[in-house]
Each structure stands twice: as structure tokens, then as C-alpha cells.
Amino acid sequence: LMQLSVPLNFIGFIYREIRQGLTDMEQMFDLLTVRQEVKDDPDAPPLTVTAGAIRFENVRFAYDPEREILKGISFDVPAGSSVAIVGPSGAGKSTISRLLFRFYDTSSGQITIDGQNIAKVSQHSLRAAIGIVPQDTVLFNDSIAYNIAYGRPGATEAEVYRAAALAQIGNFIESLPDGYKTMVGERGLKLSGGEKQRVAIARTILKAPPILVLDEATSALDTHTEQEIQGALTLVSRERTTLTIAHRLSTIVDADEIIVLRAGEIAERGTHASLLAQRGLYAEMWSMQREVDEAEEALERARAAD
Ligand code: ATP
């Protein structure tokens, strides 16, 4: 039996290694449908991140030449600041994050990080500089410690515990009978959407990338969970350049700048307060969101009273 289990473990190991390279991004970028769209120049140098400033300069992009999705987008995310992209469904929000990852090249204009055109540096170095907290995190059929440590292979136990604590999931893990050794994933403990997201945050804390892309969950989490996650996200994004693709406006009120995208163009931009004062699309989205939130809260109260 021993003789057999070694090769099987080994195959499992290789399989996991391959899966792991893909899983995080697969969720957000649907890699399976993304063919080899971009190629590195033969001698593409690595990206050198000095401060982590992102700049979109008159970026145009179309998946299909017949239909332009981004129609000349320019904005800056100064090093260490946070910018949120909001807008109606289909406006092109997630496309912006895909371009930042260079899953596609722009049709014109450019994206730079610390002054370097991202199309001219190696994809590997670009992706190493960016951490994503995806909408829905895939967990491996392994211990919860393993799932967190995946953010930085070789992380020590102490580092894993610290990351979990910062992601506000440490107490939850310690309350489990097997603690960090608890098996999770399909064949183990099923974690809720909010718990999975905090595992993703803990991974990102370990990876410690200079640039963060937060792709917010569209699915409604209960108010308490959302507040906990928000607290954890605020911690990870502190001092990091952060681009948030926001579906719920309540989570981005503190962003340094909010960009309102409509049909591939920037319709409005500013802080939460200045956008409300403009009484435009953002203000309209905000009042709609309030109504939805209030209805959800009423529902939660009714459930709790049951
Ligand atoms: P949502 O809030 O609904 O997630 P979004 O603003 O993030 O929307 P994107 O995902 O950026 O929107 O998509 C913008 C447009 O591009 C949509 O009309 C979509 O149909 C189109 N699109 C997205 N991905 C592809 C693709 N791989 N091929 C062709 N068209 C695409």
C-alpha cells in the first residue's frame, strides 16, 4: 500500500500545483475562454514596481472589432490610493481589471505601472505584482492552513495565523475542533461565501502585493458579514494601490476617487460626497442601492425574529 500511495500522492501534488496556478484567476477572468491573446516581447524586461502607481491613458478596447467596449478611458490610481469603478452592468468594469492583468492588449492608448507600459514587461512579473481578491474563491481539498498558505508557498505557521487574524477569520478557525488542520473544500467543511472570501483575503495578505484588485461579490452577504469583510479589506488595502470593481456602492464610500462608467465611457468621477452633490448617475445608483439595502435589512430582521 505504501508503494502505491507515494506515486498517487505525487500525482495529486502535480495536479494541485497545476490547479493552483489557475484557480484564483480562473474565477475572475474565465481563463478557459481566454486564448493566448497576448505575447511577451522576446526580451521583455520584468516590471519594476517602485511605488505602484497605475495609469490608464486614453484606453480603447474591443473584444470584437464590431463593438467597442472601452471608448477612451483615462484615470490614475496614485501609489497607495484607492480608486473604485462603478457603473451599470455591462459598462466595462471587469474589462478594466482584465486589461490591467493584461489578459488582453488595448486597441489603443496604454496602461502603465510606475511609468512602464504593461504591454512591454513580462506577463509573469506583472501578475506577480498584483493580488486579486476574487468574487468567489475556490478552495482546495486540503487543510484550511494550506489554503491560506497558498498565498505564499513557504509561509511559516505564525505568518499564516497572523494573516488569518488580519483577515478576521482567525477566531472562526480556532473555534473549529481541528483548528487550522480542518479539511475544507468539496470533501471537507463547506465554508460560507463570506468565510471563503476571508480566506482569499488572508492569502492576499500573505502574498503582500503592491497592487490590489478587489472584485466585489455580487451576491448579497448579510450586513454583519459584509462589515467584517469590509474591515478586513480596509486592512489589506491600507498603503496599497487598490482598484475596486464595485457592485455594492456602500463598500466604496471612502475611496479616494470613484469612477462611474457608463457604456465604456467615464460618465462621472469624484469622491462619494462630490458625486452625490452632482445628482447624476451615481446619485441615482446610490438612492436605488439604499432602497435595496433597506429591503434586505428588513428581511434579515424578519428572519431573525422568526
Ligand atoms: P457587470 O457589472 O455585469 O459584471 P461589467 O461592467 O463588469 O458588468 P464587463 O464584464 O466589463 O462588464 O463587460 C462589458 C461588455 O463586454 C459586456 O457587454 C460584455 O458582454 C462584453 N464582454 C465581456 N467579456 C467578453 C468576452 N470575453 N468576449 C466578448 N464580449 C465580452
Worksheet item: Classify the range 133-204: rounded, prolate or oblate, from the alpha-carbon gyration tensor (a ≥ b ≥ c, eigenvalue square roots; a/c under 1.5 rounded; otherwise prolate if a/b is larger than b/c)?
Response: rounded
Worksheet entry | Relative contact order, percent, the chain [alpha-carbon distance under 8 Å, six or more residues apart] | 22
Item to complete: Run the quick spin-label model on residue 289 and residue 120: label points 7 Å from Cα toward the beta carbon, then report their separation in nm to one decimal.
Response: 3.7
Fill in: Overall form of the chain per C-alpha gyration tensor (a/c, 1.5; a/b vs b/c)
oblate
Worksheet item: Per the Kirkwood definition applied to all pairs of different Cα atoms, how many angstroms is the hydrodynamic radius of the range 104-263?
Response: 16.9
Discussion item. Ranking request for peptides 41-53, 75-87, 106-118: highest mean number of other beta-carbon atoms within 10 Å first, then the rest in descending order.
Written reply: 75-87, 106-118, 41-53
Worksheet item: What number, rounded to the nearest 500 deg cm²/dmol, is the helix-based mean residue ellipticity at 222 nm of the chain, given -39500 (n - 2.57) per DSSP H run of at least four residues and division by all its residues?
Response: -13000 deg cm²/dmol
Discussion item. Quick check: from the Cα gyration tensor, does the range 225-305 come out rounded (a/c under 1.5), prolate or oblate?
Written reply: oblate
Worksheet item: What FRET efficiency comes out for the pair residue 105/residue 306, r = Cβ-Cβ distance, R0 = 51 Å, nearest 0.05?
Response: 0.45
Worksheet entry | Fewest-first sequence of 120, 39, 207 by Cβ atoms within 10 Å of each Cβ | 39, 120, 207
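Only the coordinates and a few stated rules stand behind these numbers; no lab work does. This is a predicted model, so every value here is computed, not measured. In this analysis, Cβ positions are derived from the backbone assuming ideal geometry, glycine residues included, and neighbour counts consider all displayed protein chains.
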